[in-house]
Every structure is written in structure tokens, then in C-alpha cells.
Amino acid sequence: MLRDSFGRVATDLRVSLTDRCNLRCSYCMPPEGLEWLPKPGLLTADEIVRLVTLAVERLGVTEVRYTGGEPLLRRELVDIVARTSSLRPAPQVSLTTNGIGLVRLAAPLAEAGLSRVNVSLDTLDRETFEKLAHRDRLPDVLDGLAAADAAGLRPVKVNSVLMRGINDHEATALLRHCLERGYELRFIEQMPLDAQHGWSRENMITAEEILAALREDFDLTEADPGERGSAPAELFLVDGGPARVGVIGSVTRPFCGSCDRVRLTADGQVRNCLFATDESDLRSAMRAGASDEELAERWLAAVRIKKAGHGIDDPSFLQPSRPMSAIGG
Ligand code: SF4
């Protein structure tokens, strides 16, 4: 098992399939985009499936989430999902996406064994969306969400990041939109992972502020905290339930003590934490002919040295040099 020195076991594997994206959200990358990872360095579909198989069959991973950049841009995605969901023991296979492209891909992905999607949606206002993402694609995202729901990828989960002075007045509207459609909404505190290093704690909308804004319009009661386990979201019943809303206080209410995640980047590096400063290079080892045993050993060693937490509040905190799009959200 992928156990670290604090006794946490990583069972949730996040695999980035590409660092490219068709949006330019300001909390992630600059409007002109980034220098993308060179193509020969990206894992091939076969290499991804080999490493995921190793993780599931030998290292105790039970959930595989494909992410990016934007994973729907990866041409072999449906094939990768199909091969992942046919592994035994069968992992839960999910996808974090901006939703653009789901109209075309939601049904084939569901058929390939995908169990659910998390779609980012920060605003319902087309102008704000364009300002934030530097692309006029809000209708595509909303259509993508509807397509995921129609394909049975339920509950469709929506992730929202509120930013001061940009969309922080939209908490209620976003929740109403999701409640009306049966989507599960989670608000996430913005983390310092943008390529421009523009994050500031003062501008971050905190979990407390999000809850205060929602409580102006909804009655929120804490859902059974015993249910939370290693899930990052604190869940609240909305107006008595059964509908729920989640708040992920990544910065002000960290949940690193029960973290069960490990990440594999699109260029084959194991990261034991979003904020890790070290990586373990499985791609080079694999291409140099490493056996599954050797790869497993490297992976185990990489997780063993995971730090206790992200340490954002620590004066010595250093933002990782890889931006979020190249780590995998
Ligand atoms: S910051 Fe690192 S340790 Fe904390 S929950 Fe995220 S991945 Fe886990």
C-alpha cells in the first residue's frame, strides 16, 4: 500500500492527461497560455494504462481520477477510461473537467465505464466568464453539464471558486442553478497554484465567507460529519435536505491529516502532494526498461516521504514551480 510516514494511505490517484487547456482561467494561467510540456515527454496512452494498472493491482489504489489541464482534449481519453474501468479490482473512475466537449463525449465516456464528473463552473454570467476564462464558452460548459447528467454521470458535481470583486456575489445564484438541476455544488477556496503567482490570502474568499453568503438565502445544517472520511468537502444540508452543498476550505480548514491522494503528472512524475517540491520520475525509469516491481518500489518510496501538510501558513512555504495545469487538479 502507498503508506506515508504519518500512516496515511493513498488510495485516490489523480492522473493528469495533458497540461493543455482550452480556457485561460486567471487563477490557473495567464491569458497567453503557458509553454506546454514537450510532446515526447508526455506519457503515451499505453504508458498511462501500465502505471494505472500497477497502482490499482499492486498498490491499493481504488479511485482513479483523470484530470489536466483539460482531460477532454486528450484524444485517447475514452480508450484510457475503458481500459481503466476494466481493471480488477475495478476502481472508481472519474474525471475533472471544464465541461467543454462533454456534449460529444459524455455518453461514450459513460459507456466506457466513467462513473462521474466534476465540472468547474465559477459564474453564470457570460461576460464574467469571458473575463475570467478569456474565452466566451459559458454556453458550452452549461450544455456539457446537461450532457453529463443525461448520460447518467450522476451526481454531476460542480466545483466553483469565488474570487473577490469578480464572482463573489454569485454564491446563491450558483447554488440555485445546481439545486434546480440536481447537481452537487462544492465551493473551493482558491489555492496558490496559479502560474503567475498572483494568489494572495487577502483576495481569497474563505470558507467562512462562503458559508455566511449562503446562509443569507438558505438554511444550512451540517450533514453527518462522520460521513466525511477523507473527503475534502464539509457538506451541508440545504433547507433541511436532501440536497447538499459542499465547502472545501483547502487553505483555512486544511484536511491534509486525512489526505488519501497521490498524483501522476502527464509527463510521468509521481507527486505525493499538490504542493510537493520533489517528484519521482517514473517515465524515465519506465522508458529505461524498469520492471513493474521497480516502478512500484519507486512509487512506494515517493509516497513514504510525503509531508504532513501543505504548510501554506508556514513562513517558509514555497509555491511549487509547476503550475496547477501541469500538476493535475
Ligand atoms: S495539500 Fe497535499 S497533503 Fe494536503 S490534502 Fe492536498 S494533496 Fe493532500
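Numbers at a glance
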read-out: Mean shadow area of region 284-328, taken as a quarter of the surface of its Cα convex hull (nm²); value: 4.6 nm²
read-out: Local net charge near residue 123, Cβ-Cβ under 13 Å (Lys/Arg +1, Asp/Glu -1); value: -3
read-out: Residue 299 accessible area, 1.4 Å probe, all protein chains in place, Å² to nearest 10; value: 0 Å²
read-out: Paired Rg and Dmax values of the chain, which use every Cα atom, in angstrom; value: 19.0, 59
read-out: Candidate residues 218, 255: accessible-area rank, largest first, probe 1.4 Å; value: 255, 218
read-out: Surface accessible to a 1.4 Å probe, per residue, for the residues of the chain, Å²; value: 43 Å²
read-out: Proximal charge balance of residue 243 [Cβ under 14 Å; K/R count +1, D/E count -1]; value: +1
read-out: Among 91, 159, 282 the positive-end extreme of the charge dipole of the chain (Cβ point charges); value: 282
read-out: 134, 310, 169, reordered so the largest accessible area comes first (probe 1.4 Å); value: 169, 134, 310
read-out: Most to least accessible of 191, 29 (protein chains only, probe 1.4 Å); value: 191, 29
read-out: Built amide H within the under 5 Å cut-off of residue 188, gap 5+; value: 160, 161, 162, 248
read-out: Local electrostatic count, residue 261, Cβ distance below 10 Å [Lys/Arg +1, Asp/Glu -1]; value: +3
read-out: Accessible-area value, residue 76, 1.4 Å probe, nucleic acids and ligands omitted, Å²; value: 70 Å²
read-out: The chain - charge dipole about Cα centre, Lys and Arg +1 at Cβ, Asp and Glu -1, debye rounded to 20; value: 860 debye
read-out: With Cα atoms, 0 to 90° folded angle of helix 102-112 axis to the chain main axis; value: 50 degrees
read-out: Relative contact order of region 130-213, defined on C-alpha pairs under 8 angstrom at six or more residues apart (%); value: 27 percent
read-out: 0 to 90° range, to nearest 10: angle between helix 292-304 axis and the chain longest Cα axis; value: 50 degrees
read-out: Whole-number D in µm²/s for region 3-102 (Stokes-Einstein; Kirkwood sum over Cα pairs; 4 °C, 1.567 mPa s); value: 88 µm²/s
read-out: q = 0.10, 0.11, 0.17, 0.20 Å⁻¹: log10 I(q)/I(0) that the Debye formula gives for region 182-316, counting C-alpha atoms only; value: -0.47, -0.55, -1.00, -1.17
read-out: Computed accessible area, residue 4, all protein chains, 1.4 angstrom probe, square angstrom; value: 10 Å²
read-out: Alpha-carbon radius of gyration plus Dmax, which is the widest Cα pair, for region 70-183 in Å; value: 14.8, 48
read-out: Accessible-area composition of region 1-111, carbon plus sulfur, in percent [1.4 Å probe]; value: 53 percent
read-out: Value at 222 nm in deg cm²/dmol, rounded to 500, when DSSP H runs of n ≥ 4 in the chain each add -39,500 (n - 2.57); value: -8500 deg cm²/dmol
read-out: Taking the C-alpha atoms of region 255-329, convex hull volume expressed per residue in Å³; value: 94 Å³
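The values are calculated or read from the model by the stated rules, or taken from the named source; none is laboratory data. Only a predicted model underlies this, so the values are computations on that prediction, with no experimental measurement involved. Glycine also receives a Cβ, built like all others from the backbone with ideal geometry; neighbour counts cover every protein chain displayed. Ligands, DNA and RNA are stripped out before the accessible areas are found, and what is left, the full protein with its side chains, is counted by its heavy atoms. Shrake-Rupley method; radii C 1.70, N 1.55, O 1.52, S 1.80 Å.
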